[in-house]
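Inspection log for the structure reproduced underneath, given as structure tokens.
The values are calculated or read from the model by the stated rules, or taken from the named source; none is laboratory data. All values derive from a computational prediction rather than experimental measurement. Don't worry about glycine lacking a Cβ; one is built from the backbone with ideal geometry, like all the others, and counts go over all protein chains shown.
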Amino acid sequence: MAIQEAIVDRLVTIPKQHSPLVTSKFQKARVRIGVFIQLFRIVFRKTGKVSTAFKSIFRIKRKYESIFGEPYLVKIAKVNDRYFWRLAAPGFPSKASFEMQTNEANRFFPTQQRTGLRSLVFAITNKCPLNCEHCCEWPNLNKEERLSTSEIIRIIHKYQDYGTTQIMLSGGEPMLRINDIYTILNTAREGTDFWIITSGLGLSAVRAQKLKDAGLTGVMVSLDHYDRYKHNSFRGYEKAYNTTQKPLNSLKTTIRYCW
Ligand code: SF4
């Protein structure tokens, strides 16, 4: 299977994409208005008063700026007809984006029970061939797996029921459980954006396409230094830099990292 994938991967040619960054002020304004309208609908349904809704939105905006240290929607990227402005925010428009704003609005109304969870980083494996300097999991790596695929799916469903709008699959190296990831994605419920946090190991154009078809939003590939030797040394693995560049080369451009 892996050999077949490698052969197909060599044959795959992907047309170069344009930058997903939204640079047009007009388009940015449209996105901001769209996000505002979504939030207004959510808050107005709770308050029933236009003036209270505006005041609540202002408080939410101020809270956001105090937490993230920047105004809402500064840098926006458009991928697959959805807009992204933070790694921790699901693409807009989507059920996940609507849920995230509903959860945030709920925090401002004490009578609302459900506040959900914005992002969950879920380590689905302890296997990893790297030896990164910053790793705090060394004593736990490469032991027997603790969670079966069905247990992972059960946990994910619980978090989805709790209102988690973004789940990042991590590890160890999550790509080592690629077949499980396909199953996880295929059985996941609507309303959550899924990402993979990876060193790039085992990521290829063929797998990227399969992951996308299964519903993955994107992958984050960790690159610690532009100098290959420094990156390899930090990661404790002489092929670490190549594993970040291979998917880059086969996918032609970094834009492919978020689809
Ligand atoms: S890739 Fe992650 S799990 Fe593996 S050694 Fe590095 S920090 Fe640790």
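With the requirement that a residue be part of a helix (DSSP H, G or I) and either crowded, with 20+ Cβ neighbours inside 10 Å or touching a residue at least 12 places away in the same chain (Cβ under 8 Å) (or both), what does the range 210-228 give you? The answer is Lys210, Leu211, Lys212, Ala214, Arg228.
Among the criteria (1) over 21 Å from the mean Cα position of the chain (by Cα); (2) surrounded by fewer than 18 Cβ atoms within 10 Å (Cβ to Cβ); (3) over 22 Å from Ser97 (Cα atoms), the one Gln113 does not fulfil is (3).
The residue that is nearest to Phe54 (Cα to Cα), among those in the range 90-130 that are aliphatic (A, V, I, L, M) and outside any helix (DSSP H, G or I), is Leu117.
Would you pick out the residues in the range 135-182 that are among the β-branched types (Val, Ile, Thr) and outside any helix (DSSP H, G or I)? Steps first, please.
If we filter the range 135-182 for residues that are among the β-branched types (Val, Ile, Thr), which is where we start, we get 149, 152-153, 155-156, 164-165, 167, 178, 181.
Answer for the range 135-182, where residues must be among the β-branched types (Val, Ile, Thr) and outside any helix (DSSP H, G or I): Thr164, Thr165, Ile167.
Just one of the numbered conditions (1) aliphatic (A, V, I, L, M); (2) within 23 Å of Phe98 (Cβ to Cβ); (3) within 15 Å of the ligand (Cβ to nearest atom) is not true of Ile197: (2).
For Tyr182, state whether it is under 28 Å from Ser56 (Cβ atoms) and assigned by TED's automatic domain parsing to the domain that holds Ala240. Walk me through how you get there before you give the answer.
Working: under 28 Å from Ser56 (Cβ atoms): no; assigned by TED's automatic domain parsing to the domain that holds Ala240: yes.
So Tyr182 fails the test.
Looking at Phe54, Phe108 in this structure, which one is out of contact with any Asp or Glu (no Cβ under 7 Å at 6 or more places or on another chain), aromatic (Phe, Trp, Tyr) and at pLDDT 90 or above? It would help to see each step written out before you state the result.
Working: Phe108 fails: at pLDDT 90 or above.
Criteria check complete, one pass: Phe54.
Taking first residues from the range 142-159 that are within 16 Å of Gly191 (Cα to Cα) and partners that are part of a loop (DSSP other than H, G, I, E, B), the Cβ contacts under 7 Å between residues at least 6 apart in sequence or on separate chains come to Ile156/Ala188; His157/Arg189. Checking Gly202, Gly191 one by one, the residue that is within 16 Å of the ligand (Cβ to nearest atom), surrounded by 15 or more Cβ atoms within 10 Å (Cβ to Cβ), part of a loop (DSSP other than H, G, I, E, B) and of a type in the set (Gly, Ala, Ser) is Gly202 and no other.
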